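Have a look at the structure below before the remarks.
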Amino acid sequence: MIDTEDYMKIQDLSVDLKCETHGQKLDLYCKCHHVAVCAMCIPSAHNSCPVDDIISIHDAAKNARSSTALSDLEETISRSLESVRQSIRDRASVSANIDTEEQTIQKKILETRLRLNKHLDELEQQLLQELQIKHENCRSRYSKMLKQLQQTENELEKLKEQTEQMKLFASDLQVFLGTCKMNITISEKLKSLKVEIGKEKSFAMDLKIHPVVISFINNVKKFGEIYITEKNRDLQLKDAKIDQAQTQIRGSNQNVLDVDLQFSLKFAVKPQLQISGCLILCDGRILIADFYTTGKLMEYDFTGNYVSDIDVEGRPFDLTEIDQDRFAVTYPDIKCLKIISNKISFVEKKINFKNSCYGISSHNEKIFTLVQKHGIMKIDLTGTILFTIKFNTSSMVYIAASEDKIYYTDENNDTVNCCDFKGRKIWTFKNESTRCPRGITVNNDQNVYVVSSNSNNLTLIQHDGKMSIEVLTSSDDLFSPFAVCCNKNSLLLGL
């Protein structure tokens, strides 16, 4: 017997107490098949089941409230509910993100239009000023000749009047001498005037529009293009026990002694390069940054063949891949980093800093970069600084980031360091294998690769900082390496 109000709470609970096949009361339970049955089910479907496995439904239901099955059900429901809620939060988050991205794109379109208008206004003013100057030059030359011709005209008019007066009133001797003198005067005037007129030129003004402007008017049919990047999201609802087992498996890390790197490719870059940063894109292409000598960003294909220089403003230092469509580059000389499309090498975003930025890394579409005199900054793709870990950056250049840790090299103190996002030191590694450590990268097991320019080697450090092995040394033709990077399948060294 239960209270009426309590019954009302379970009246919608769908529990069938009758056999769906025979319409009889479910009064037995088959332990062999884990199913409730009626008396008519036994001879028809359970005649081969052991007699001891057919028990009363009431015996089977004893202590049901405290049974393991109910506990497992409750746990499964709780985990599934949390999984659904996580999916709801994810969808709400990406929905908010897509709204933010729309606003960002609208702002970018407007900024581009304003920049374009400003640039066109400046070009128009330059052209109008040039027109004014050249117009004044032409008028000045015309005015000078016109003034000279008018002066000659006045002088000839005066001679003409003097000749008429001389003819009427002067004596023959005066007419004779006056005529000779006037002929000489006119001859000299006309000779001088002829020379000046011979130098004179006529001008015609016209306009030739720059071919790029004409091409822009005739050929550019779009202001830009909106493209959507689709990514699979891991929103599957998993069984509670399976999910728990997978969580435990993901927590494991590979021991550095079990790492077996296989040599794949060695290729030569352009002469006189000092590689400061390198990157393997997800499609296999290789990018090389040379900050110290040529100041160029170069692309090589997956076989190591040079493809082209990527036209950039500033001298690139370090690189990181954000996702399959974008990578980011630091430019210490102009104190900024740029987010670049890896398909058309178009700068999507330029993020400026007060001081020079050097090492760069990314994780889950967030960018980490080392800014001199500030520390390590975490930045989203809109350029918003999420947090700054303050460090003495005087001897820090290269960094790497993982899910919850940041790794950096200290070349003056010969140390490799690991800290959390609050800057709290987790471990520090130092030995003879890492003299002047520079480039650093972390793999999926959170084991750390470091190249050291003075010890001429590549060192692999255990994820807890307690163990290490030298993977490559000077005997492997390693000489003063600066850069290293890894993706899911490959490791790249820049010498």
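A compact table of results
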read-out	value
Reduced Cα scattering model of segment 372-472, Debye log10 I(q)/I(0), q = 0.13, 0.15, 0.20, 0.25 Å⁻¹	-0.43, -0.57, -0.97, -1.40
Chain lengthening between Leu120 and Leu257 when straightened (0.36 nm per residue, less Cα-Cα)	43.1 nm
Estimated 222 nm signal from helices in the chain, with DSSP H stretches of n ≥ 4 weighted -39500 (n - 2.57), rounded to 500	-12000 deg cm²/dmol
Cβ-defined net charge surrounding Thr293, 13 Å radius [Lys, Arg +1; Asp, Glu -1]	+2
Label selected from (i) 22.1; (ii) 50.4; (iii) 33.6, the criterion being mean projected area of the Cα convex hull in nm² as computed here	(ii)
Amide proton proximity set for Arg326, modelled H, under 5 Å, gap of 5+	Asn342
Gained length - Arg435 relative to Phe479, 0.36 nm times residue gap less alpha-carbon distance	14.6 nm
Nitroxide proxy distance, nm - points 7 Å out along Cα→Cβ at Lys181 and Phe267	9.5 nm
Neighbour count of at most 10 Cβ within 10 Å plus DSSP loop: longest GluC sites (Glu not before Pro)-free window in the chain	21-224
Dipole in debye (nearest 20) - segment 335-409, about Cα centre, beta carbon charges: Lys, Arg +1; Asp, Glu -1	320 debye
Degrees between helix 240-250 axis and first principal axis of the chain (Cα, 0 to 90, nearest 10)	60 degrees
FRET efficiency, 1/(1 + (r/R0)^6) with R0 30 Å, evaluated for Asn487 and Asn352 via beta carbons	0.60
Principal-axis tilt of helix 68-169 within the chain, Cα atoms, nearest 10 degrees	0 degrees
Ile385-Gln151 FRET efficiency (beta carbon distance; Förster radius 60 Å; 0.05 resolution)	0.20
Acute angle (nearest 10 degrees) that the helix 172-199 long axis makes with the longest principal axis of the chain, alpha-carbon atoms	10 degrees
Residues with amide H under 5 Å from that of Asn457, placed H, sequence gap 5 or more	Ser452
Near-label residues of segment 85-122 by backbone N, under 18 Å of a point 7 Å along Cα→Cβ of Val212	112-122
Distance between modelled label sites at Glu20 and Phe203, nm, 7 Å Cα→Cβ extension	9.8 nm
Estimated distance in nm for a label pair at Asp420 and Tyr292, the labels positioned 7 Å out from Cα along Cα-to-Cβ	3.7 nm
Solvent exposure of segment 17-98 as accessible area per residue, Å², 1.4 Å probe	73 Å²
Neighbour cut-off at most 15 other Cβ (10 Å), DSSP loop, trypsin sites (Lys or Arg not before Pro), segment 15-98	Lys31, Lys62
Apportionment of accessible area to carbon and sulfur, segment 165-227, percent (1.4 Å)	62 percent
Residue-count net charge about Met396 - beta-carbon cut-off 10 Å; Lys, Arg +1, Asp, Glu -1	-2
FRET efficiency for Cys138 and Thr163, using Cβ-Cβ distance with R0 set to 35 Å, rounded to 0.05	0.40
Vicinal HN-Hα couplings computed from phi for segment 300-311 (Karplus, 6.51 cos²θ - 1.76 cosθ + 1.60; Hz; Gly/Pro x)	10, 7, 5, 9, x, 7, 5, 9, 5, 8, 8, 5
3J(HN,Hα) from dihedral phi, segment 288-293, Karplus parametrisation 6.51/-1.76/1.60, rounded to Hz, x for glycine, proline	10, 10, 10, 7, 7, 10
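The values are calculated or read from the model by the stated rules, or taken from the named source; none is laboratory data. Nothing here was measured: the structure is a model prediction, and the numbers come from that model. So basically every Cβ, Gly included, is an ideal-geometry build from the backbone, and we count neighbours across all protein chains shown. In case anyone asks, the SASA skips ligands and DNA or RNA and just uses the protein heavy atoms, side chains included. Shrake-Rupley method; radii C 1.70, N 1.55, O 1.52, S 1.80 Å.
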